[in-house]
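Everything on this sheet refers to the single structure shown next.
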Amino acid sequence: MKIEAAKPCVVSTKCLPDWAQNDIEQAGFSLFQHDFIATAAIAVEWGVIHEFLVFTSQQAVQYYVKQNSAKRPCFCVGQQTSNLLQKLGFEVVAMAFSAQYLGELLQVKYYNGSFTFVCGVQRRPELPYMLDQMAVTWNQYPIYETIATPVEAPNNPSAVLFFSPSAVASFQEKNALYPETPYFCVGATTAQSLREVGSFQIYIADKPDTKVLINLLIQHLKTAC
């Protein structure tokens, strides 16, 4: 049976840090949060690591350093991924806010490079497609799998937060998506996964960062009330 929210409710498809929980609750909303996805490592038979490493998630970085000690200059998606790479001693050549934008950057400025893409099994197709179009030398190592962990969320939430395309898919396994519900996405790739299943009110953070997304959410909630 569906859970009925006692007061206007925000649903987050991943568990939020304390400061984000406080911001939402201080805005007068209850919060339902659950990690709608989990990840698990895959054993990889490593071969060639090319001139540049490419990461589109923090999870890929975390699993990579547990299995491979080779360091190369990196391209990545998201400020948090960039921060993690630098903390681990990697050189970050460039960071983009989506896989699409990263692919465009590589096409324009780094068309003579060779690339190793470290990713999840369920990775989006945009970046591999763009690398193929560049006719460069590249390979990929799927290093982790994403596991759906869906639950039923409260009915009629005031907003839903999505942090990955996989979370969008997991959420739909036990919950409906409604045109009147505002959906807040951490980046363009996540938003695209929503657009592929219907026409919705979608708000995208200017940067793929939790703090930026929460600020956007709070601004919207204050305006809508």
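Give the residue, chosen from Val65, Val54, Val61, that is under 23 Å from Leu213 (Cβ atoms) and under 20 Å from the mean Cα position of the chain (by Cα).
That would be Val61, the only listed residue that is under 23 Å from Leu213 (Cβ atoms) and under 20 Å from the mean Cα position of the chain (by Cα).
Could you pull out the residue among Thr149, Thr190, Thr181 that is under 23 Å from Ala20 (Cβ atoms) and surrounded by 20 or more Cβ atoms within 10 Å (Cβ to Cβ)?
Values: Thr149 fails: surrounded by 20 or more Cβ atoms within 10 Å (Cβ to Cβ); Thr181 fails: surrounded by 20 or more Cβ atoms within 10 Å (Cβ to Cβ).
Exactly one residue qualifies, and that residue is Thr190.
To keep it simple, each residue is scored yes or no on (1) out of contact with any Leu (no Cβ under 9 Å at 6 or more places or on another chain); (2) within 24 Å of Ile42 (Cα to Cα); (3) of a type outside the set (Asp, Glu).
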| residue | (1), (2), (3) |
| --- | --- |
| Tyr111 | yes, no, yes |
| Met134 | no, no, yes |
| Ile143 | yes, yes, yes |
| Thr149 | yes, yes, yes |
| Ser164 | yes, yes, yes |
| Lys174 | yes, no, yes |
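Can you tell me how many residues within the stretch 59-98 are within 22 Å of Tyr110 (Cβ to Cβ) and assigned to a helix (DSSP H, G or I)?
Count: 10.
Filter the stretch 194-225 for residues that are closer than 25 Å to Ala38 by Cα, surrounded by fewer than 18 Cβ atoms within 10 Å (Cβ to Cβ) and touching a residue at least 40 places away in the same chain (Cβ under 8 Å) and give the result.
Lys207, Asp209, Lys211 - these are the residues of the stretch 194-225 that are closer than 25 Å to Ala38 by Cα, surrounded by fewer than 18 Cβ atoms within 10 Å (Cβ to Cβ) and touching a residue at least 40 places away in the same chain (Cβ under 8 Å).
Which count do you get for residues in the stretch 151-189 that are acidic (Asp, Glu) and either modelled with pLDDT under 95 or within 18 Å of Cys9 (Cα to Cα) (or both)?
From the stretch 151-189, those acidic (Asp, Glu) are 152, 173, 180; that's our starting set.
Checking the rest, the ones that are also either modelled with pLDDT under 95 or within 18 Å of Cys9 (Cα to Cα) (or both) come to 152, 180.
Going through the stretch 151-189 one residue at a time, the tally reaches 2.
So, in the stretch 132-143, how many residues would count as being at pLDDT 95 or above and either of a type in the set (Val, Ile, Thr) or under 28 Å from Asp206 (Cβ atoms) (or both)?
Of the residues in the stretch 132-143, 2 are at pLDDT 95 or above and either of a type in the set (Val, Ile, Thr) or under 28 Å from Asp206 (Cβ atoms) (or both).
Could you identify the single residue in Thr81, Thr116 that is surrounded by 17 or more Cβ atoms within 10 Å (Cβ to Cβ), over 19 Å from Ser164 (Cα atoms) and among the hydroxyl-bearing types (Ser, Thr, Tyr)?
Going through Thr81, Thr116 in turn, the sole match is Thr116.
Report, ordered by the first and then the second residue, all pairs with beta carbons closer than 7 Å, sequence separation of six or more or different chains, a first member in the stretch 104-115 that is touching a residue at least 60 places away in the same chain (Cβ under 8 Å), and a second member that is aliphatic (A, V, I, L, M).
Close Cβ pairs (under 7 Å, with a partner that is aliphatic (A, V, I, L, M)) amount to Gly113/Val136; Ser114/Val136; Phe115/Val54; Phe115/Leu131; Phe115/Val136.
Only one of Val168, Val160, Val118, Val93 is of a type outside the set (Phe, Trp, Tyr), under 19 Å from Glu51 (Cβ atoms) and touching a helix residue (DSSP H, G or I) at 6+ places or on another chain (Cβ under 8 Å). Can you tell me which?
After ruling out the rest, the residue left standing is Val118.
What number of residues within the stretch 190-203 satisfy the criterion of being modelled with pLDDT of 95 or more and of a type in the set (Val, Ile, Thr)?
1
The values are calculated or read from the model by the stated rules, or taken from the named source; none is laboratory data. Being a predicted model, the structure only gives us computed values, none of them experimental. Note: ideal-geometry Cβ built from the backbone for every residue, glycine included; neighbour counts use all protein chains shown.
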